[in-house]
Each structure stands twice: as C-alpha cells, then as structure tokens.
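One structure is given below, encoded as structure tokens.
Nothing in this text is a laboratory measurement; each read-out follows from the coordinates by a stated rule. If you're wondering where the values come from, they're calculated on a predicted model, not measured in any experiment. Every residue, glycine as well, gets a Cβ built from its backbone with ideal geometry; the counts of neighbours run over all protein chains shown.
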Amino acid sequence: MSVFDPDTFLGQEVAVAMPTRYPTIPDGDYIGSISKIAAREFSNNVVLDVTWELQDAELAEQIGMDRVTVRQSVFLDVEDDGTVAEGDNKNVSLGRLRSALNQNDGTMWNFNMLIGAGPAIVHVVSKPAKDDHETIYNNVTRVNPLY
C-alpha cells in the first residue's frame, strides 16, 4: 500500500472531464441486503437512512459500478426523551421494514441488527431532485420479504 501525501495528491493534474451525475437505476424490484444505517435529524424529525446493496451483477455491469447501492429513508416517531415511540400508529414504516427482514417478532431488538440483514425484495424508484431536475435520486420505496 502506498503512503498518502496530501501535498502530492492536491498538486496532481487531471486531464479528463469527470461525470456530473450518478447512473440511474431502472425502476423495479431488486434483491438487496442492508450494508449501512445512519440516523439524522431533518426538519425536527428523526430519519433512519438505510443503505441497501443490490445483488444484481447484470445491473452493476450495465451501469458501470462495482457495488450498486440505494437509500431508503424511514421517518421515525420519537418520544420527547429521544427514545423510539411504541404503540398504535407509531413507527409503522419501521415495523414494515423489520417485518420484511423477520425482525419484528416482539423479541429484544436494536437498530444495529439491521446491518447485514437481508436479503429482501426492495422496490426502487427514480425521481428528480426538487431544485435540480438533472439530478436523479434512486430511492427504495418499499421492502418485502424474500420468500
């Protein structure tokens, strides 16, 4: 492995145009597993970002990527003390995700158990960004169990 030198790196010259957008994944159902999760605050909401790695070698070759990943954002119901809200009409989307992964059976659970979970069938939809119609986002809109 080479030694990274920031000065050499920042001084290098590049003579090619770089892409300005990621490839669009065709809308449809794919088999995927969760490779990463992250939580963030957005407009006074807590959002769970789930990164799915699609298990489709043909698609990866078609769009020129080694790993095809797509994001699912799950808005969470949270109590005032920051804990996950429980009960009727609370965290239904999270419950659906957990059910598709056979993790919603009432036993002790935590978010980290999602990492590596799957495979499941993920439905991917592409849509343009609100403020820039040239930017296309690929998002998971639903997850179903793989039976």
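Rounded to the nearest 20 Debye, what is the dipole magnitude of the chain about its Cα centre when Lys and Arg each give +1 and Asp and Glu each give -1 at the C-beta?
I would put it at about 340 debye.
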Restricting to lysines and to Cα separations under 24 Å from Lys36, and discarding same-chain partners fewer than 8 apart, the set is Lys90, Lys127
Env charge @ Asn91, Cβ radius under 10 Å, K,R +1 / D,E -1, value +1
Note: the chain at 37 °C, 0.692 mPa s; Kirkwood Rh on alpha carbon pairs; Stokes-Einstein D in µm²/s works out to 186 µm²/s
Length-normalised contact order of the chain, Cα under 8 Å, at least 6 apart, in percent, tallies to 27 percent
Given Cβ charges of +1 for Lys and Arg and -1 for Asp and Glu, the option among Phe9, Gly106, Val68 whose Cα lies farthest towards the positive end of the dipole of the chain is Gly106
Per 10 angstrom bin, beginning at 0 and ending with the bin that holds the maximum distance, the Cα pairs of the stretch 4-47 fall in percents of 15, 18, 31, 29, 7
Out of Ala100, Ala60, Ala17, a Gaussian network model of the chain with alpha-carbon springs under 10 Å gives the largest mean-square fluctuation to Ala17
